[in-house]
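A short reminder: the numbers here are calculations on the coordinates, not readings from a lab. The model shown is predicted, which means the values in this text are computed figures rather than measured ones. Glycine gets a Cβ as well: all are built from the backbone with ideal geometry, and neighbour counts include every protein chain shown.
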Amino acid sequence: MSLPPGFLDELRNRTSIAQVVGRKVIWDNRKSNQAKGDMWAPCPFHQEKTASFHVEDRKGFYYCFGCHAKGDAISFVKETENVGFMEAVEILAREAGMPMPARDPQAQEKADRNAELAKVTEAAVAHFRLQLKTQAAAEARAYLERRGMDQATLDRFEFGFAPNARQGTFQALTGKGFAADQVIEAGLASKPDDGSAPYDAFRDRIMFPIRDARGRCIGFGGRAMDPNARAKYLNSRETPLFDKGRALYNHGPAREAAGKGQPLIVAEGYMDVIALAKAGFGAAVAPLGTAITEDQLRLLWRISDEPIVALDGDKAGLRAAMRLVDLALPLIESGKSLRFVILPEGQDPDDLLRAQGAPAMQALLDKAEPMVSLLWRREIEGQVFDSPERRSALDRRLQEAVKRITDPSLRRHYGDAIAELRRALFRPQRPQRGKGAWRGRGFAEAQAPLASTRTKAQALNGEALRISLILATCLRFPDLIDDFEDQLDRLNPSDPDHGQLAAHLLRSATRDPIALKDEISASSLAPALESLEATGHLRITPFLMGNGDPVRAAECLTEEFAKLTATRAIQDELAEATQDLGEVTDDEDRTLAFRLNEAVRGKHAALHPKGDDGSEQFGETAQARAAFHQLLSAAGQGKKHEK
């Protein structure tokens with residue numbers, strides 16, 4: 001069976017030889033460099049203990065320095081699975097999700113014809129380069145000079161020029177012996193519907209040859225010199241050689257530069273790529289006049305695990321970034337993602353490099369944002385979340401986006417990252433709670449005694465233990481999470497493990513206790529769960545043992561949230577009281593004591609909902625006044641206030 005042209009190239013592009021070989025060997029982690037796809041292992045073809053079997057994932061080949069076995073993914077499957085060539089192709093195609101083509105007895109004929117078309121495009125490259133040196137291209141040369149293109153750059157990227165003539169290119173190529181049909185099929189000329197003479201596809205344009213990963217010229221891009229032209233940039237139409245959704249400008253040189261450690265940069269246009277390469281960023285590519293496609297994403301990941309997408313700092317650039325996020329979410333996996341650089345407004349990489357030079361570009365690349373940051377920015381930018389409904393809508397949008405990630409581990413990590421961002425947006429740090437704010441020089445003096453007071457209070461009231469009990473109850477009775485969603489959302493624990501567990505409970509879609517526990521155990525929160533379950537006090541609670549009672553569990557949560565709120569209230573009153581420590585009059589003393597007394601009464605009511613006798617209430621009042629006097633003494637007032 002003959003395969004159609006390009007099928008094997010596409011299969012190799014979609015297949016990671018490191019993954020194929022990795023099923024048969026154990027990599028030597030000391031010798032391998034996974035980030036660069038440079039992998040070493042003992043050879044699977046002969047017995048050895050040293051790692052002499054070398055795999056270059058980006059180039060798609062393997063070689064053993066011991067037995068000299070070499071080949072690509074297809075030959076590796078042939079040798080290790082003991083199958084023929086076509087069966088090996090079928091195995092890899094099935095793994096890559098590529099349907100095997102139907103029998104095509106004329107495939108070899110098509111391959112031969114494409115080889116002839118490649119000769120036509122190569123002849124066109126030479127023709128366009130020659131035309132750039134003529135008088136007709138004077139304006140084009142002046143434009144390139146204004147853009148900073150020196151002769152070395154012109155030669156490196158094979159700049160050319162298509163004269164403003166109806167049949168200039170067509171006649172030049174047919175004059176070299178190429179058939180008219182070949183020139184038309186290669187996309188260099190078009191034939192009118194009325195049957196008249198063919199005309200050139202590119203006229204009065206600066207020409208950019210487009211080459212595939214193997215270095216063949218498969219098409220062209222042309223920039224119009226006429227400012228009134230219908231299209232500023234024009235690509236070759238689809239041909240047997242050229243599919244713009246499956247090609248990248250500067251593919252081959254960028255792959256080589258990335259293999260030497262340079263970051264892979266994805267820019268928007270030809271001139272951006274050329275400017276980046278000229279400034280020393282050789283691993284730069286661009287899509288061909290369209291938004292990045294799924295096939296182009298896979299090509300990018302074959303070059304680098306984490307390409308950096310550099311987009312113009314305007315609305316169109318931001319929209320392109322957001323479209324790319326949506327495209328990439330179902331495709332990303334562990335170790336395969338994108339980072340983003342949004343340039344200053346109104347600038348592209350070429351503008352930035354000409355204005356500020358390579359260091360400015362490098363500084364932006366060093367601060368490239370992960371994809372989750374762009375996803376978050378899209379959902380919150382320009383939004384006001386001043387109601388539960390708006391917050392809920394944000395959560396729903398983010399959950400829908402994260403659900404599109406197919407890798408379970410990566411999906412959990414995205415959920416954790418978004419939970420952290422959400423917490424930073426909606427939950428202020430606890431020292432900022434209360435009606436007042438720290439102000440003046442009293443902060444430094446009051447901070448130490450207040451921290452000491454809070455530490456003691458927390459040790460007495462067991463805030464961490466109370467939060468542990470709340471989380472454990474929600475884990476045992478997940479159906480209650482929705483009923484207490486608002487309280488959980490404002491839980492704001494000091495322990496980061498507790499905060500992440502609470503965020504996971506709110507985010508999780510499952511309400512089955514066993515499934516929920518398994519979900520957390522399989523995530524990065526497994527140690528936090530183990531620590532929670534190992535808490536001595538919680539091991540004896542009925543909510544972690546047996547079937548339990550959902551009604552009693554709901555009552556427990558209601559009480560514990562009320563106790564937590566009341567305990568924090570007195571801490572906030574103590575914090576506000578310290579702001580006024582200074583010249584305190586007797587009246588102010590009474591006011592502060594009253595506020596502390598009321599806070600403690602509220603705490604007492606929460607801790608003892610059924611009520612106690614008056615002596616105990618008096619004891620709580622005395623506790624409040626004692627705390628107040630302690631604060632005065634710590635502030636250096638040394639006054640005694642008799643009531």
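List of remarks:
- Note on K176: aspartates and glutamates with a C-alpha under 14 Å away, same-chain residues under 8 apart excluded, are E116, E122.
- One chain, two ends: S524 and D366. Fully extended at 0.36 nm per residue, the span grows by 54.2 nm beyond their Cα-Cα distance.
- Among V55, V402, the ranking by other beta carbons within 10 Å of each residue's beta carbon, starting with the fewest, stands as V402, V55.
- Ranked list, fewest to most other Cβ atoms within 10 Å of each Cβ, for D489, D348: D489, D348
- Candidates M322, A284, S236 compared by Cα position along the dipole of the stretch 221-356: farthest toward the positive end lies S236, with charges placed on Cβ.
- Cross-link pairs beyond the 30 Å C-alpha cut-off, checked among K36/K232; K260/K367; K119/K336; K191/K278: K36/K232; K119/K336; K191/K278
- Whole-number D in µm² s⁻¹ for the stretch 261-426, Kirkwood Cα-pair radius fed into Stokes-Einstein, 10 °C, 1.306 mPa s: 95 µm²/s
- Cross-link reach list, aspartates and glutamates versus K78, counting only Cα pairs under 19 Å and skipping chain neighbours closer than eight places: D9, E10, E56, D57, E87, E90, E95
- Counting every other Cβ atom within 10 Å of each residue's Cβ, C64, C217 order from fewest to most as C64, C217.
- Largest-first principal axis extents of the Cα set of the stretch 106-242 (Å): 50, 38, 26
- Considering every alpha-carbon pair of the stretch 25-95, the percent of pairs per 10 Å bin, from zero through the bin containing the longest distance, is 21, 48, 28, 3.
- Members of K31/K70; K24/K70; K24/K59; K59/K110; K315/K403 lying beyond 21 Å, as alpha-carbon distances in this model show: K59/K110; K315/K403
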